[in-house]
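The values are calculated or read from the model by the stated rules, or taken from the named source; none is laboratory data. Here the structure is a predicted model, which means the values were calculated and not measured. Only protein heavy atoms, including side chains, enter the accessible area calculation; ligands, DNA and RNA are left aside. Shrake-Rupley method; radii C 1.70, N 1.55, O 1.52, S 1.80 Å.
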Amino acid sequence: MKRLILAACAALALSTGTASAQKMTVLLDWFVNPDHGPLYVAQALGEFEKRGLEVEFIAPADPNDPPKLVAAKQAEIAISYQPQLHLQVDRGLPLRRIGTLVATPLNALVVLADGPVESIADLKGRKVGFSVGGFEDAMLSAMLARHGLTMDDIELVNVNFSLSPSLISGQVDAVIGAFRNFELNQMDIVGRPGRAFYVEAEGVPAYDELILVAHKDTVDDPRYLAFLDAIEAAVQYMVNEPEKAWALFLQQNPDLDDELNRRAWADTLPRFALRPRALDRRRYDEFAKFLKHQGLIGEAEPAEAYAVELR
């Protein structure tokens, strides 16, 4: 009888939400920004708590570290990028995509709207700024090829993440790696609007920009399903109540209340994955083939080597 009473008390504690929450650490890809909206809205709405989770978000000192730390089982989840995941798996990191945060590319090739470059073909003999070599070079190469150019027809300049300032100052004629929801707004705000050439319209296969990755040996952790369900609930709220969701985001990040982040929030909102768990296997297959063709990975593995769809 005593055991039955204890069991009933335990069941009651679970049903009333008093059981201790399961802790999780999520490593961001960069400093907090509107790309992370669903995470903070889910937190503010209590969606994690409802599912028995206590989630901590940590912004990295080095944006290259989060996937490595997850691979070393120093954190449960990292926000990363589909292109980088392919490269990391090719190099032996034991990672798998478990969910999608931003379901479209954000990357773009950007020029000044009133500048001399009206088409990609106009880049012949001009300077193109970049921040991260490798994948950005591959994207640019594919985009140039559609217009009869090669990488030998341009001059690459490493602008060290100073993308829009280097373009506005005339240091370069174009930049690759600009996020269309940030750099374009930043340029418009200072009165030097830009023109974007979208990578997925210029020879680069579509891909998921921001994804959630975990160690491949832990993908059956039930906390991940609960986490993704919370994210899905948050995205639905954001779509239905964008202004209220923005207010919830600012409650946790008041220093982001400015014109740039307000614009970025509006531009990013329609790009969040409505079904974070859903996996487009063909997208992963095609992107692996693209990276192999560009010489960035040794083998184009099937989608299952990079991603799982949790059920």
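Taking the three principal axes of the alpha carbon atoms in segment 244-308, the coordinate ranges are 45, 24, 18 Å, sorted in descending order.
Each semi-axis of the equivalent ellipsoid for segment 158-311 is √(5λ) with λ an eigenvalue of the Cα gyration tensor; in descending order they amount to 30, 26, 13 Å.
Karplus-derived 3J(HN,Hα) values for segment 152-157, using 6.51 cos²θ - 1.76 cosθ + 1.60 with θ = phi - 60°, are 6, 8, 10, 10, 7, 10 Hz; glycine and proline are entered as x. Using the Cα gyration tensor of segment 114-160, with a ≥ b ≥ c the square roots of its eigenvalues, what is the shape: rounded (a/c below 1.5), prolate (a/b larger than b/c) or oblate (neither)? Oblate is the answer for segment 114-160, as a/c is 1.5 or above yet b/c matches or exceeds a/b. Computed from backbone phi with θ = phi - 60° and the Karplus coefficients 6.51, -1.76 and 1.60, the 3J(HN,Hα) list for segment 195-212 is 10, 9, 10, 7, 4, 6, 9, 10, x, 9, x, 4, 8, 7, 6, 10, 10, 10 Hz; x is used for glycine and proline.
Within the listed set ASN107, ASN240, ASN181, the Gaussian network model of the chain (springs between alpha-carbon atoms below 10 Å) gives the highest mean-square fluctuation for ASN240. For segment 135-190, the spread of Cα positions along the three principal axes, ordered from largest to smallest, is 34, 21, 18 Å. Accessible area per residue (1.4 Å probe, heavy atoms of protein chains only) ranks HIS293, HIS147, HIS86 as HIS293, HIS147, HIS86, with the largest value leading.
Solvent-accessible surface of protein heavy atoms, probed at 1.4 angstrom with all chains present, puts GLU76, GLU54 in the order GLU54, GLU76, largest first. When the chain is treated as a Gaussian network with alpha carbon springs shorter than 10 Å, the biggest mean-square fluctuation among ARG96, ARG282, ARG263 belongs to ARG282. Given in Å, the Rg to one decimal and the Dmax to the nearest whole number for the Cα atoms of the chain are 21.4, 85. Ratio of Rg to Rh for segment 107-201: 0.92 [Cα atoms; Kirkwood radius as inverse mean 1/r over pairs].
Take the chain with all the other protein chains still there, run a 1.4 Å probe, and you get 47 Å² of accessible area per residue.
Among the protein heavy atoms of segment 107-201, carbon and sulfur supply 48% of the accessible surface, probe 1.4 Å, non-protein parts ignored. Using the Karplus relation 6.51 cos²θ - 1.76 cosθ + 1.60 with θ = phi - 60°, the per-residue 3J(HN,Hα) values for segment 80-85 come to 9, 10, 4, x, 5, 4 Hz, with x marking Gly and Pro. Against the chain, whose longest principal axis comes from its Cα atoms, helix 259-268 is set at around 80 degrees. Between ALA196, ALA75, ALA61, the Gaussian network model of the chain with springs among Cα atoms under 10 angstrom shows the greatest mean-square fluctuation at ALA61.
Quantify how much of the Cα-Cα distance distribution of segment 76-124 extends past 12 Å, in percent. The share of Cα pairs beyond 12 Å in segment 76-124 comes to 73 percent. Taking each DSSP H run with n ≥ 4 as -39500 (n - 2.57) and averaging over every residue of the chain yields -11500 deg cm²/dmol at 222 nm.
Of all beta bridges that DSSP places with both ends in the chain, some 55 percent have antiparallel geometry.
In the complete set of protein chains, residue-level accessible area for PHE161 is approximately 130 Å², probe 1.4 angstrom.
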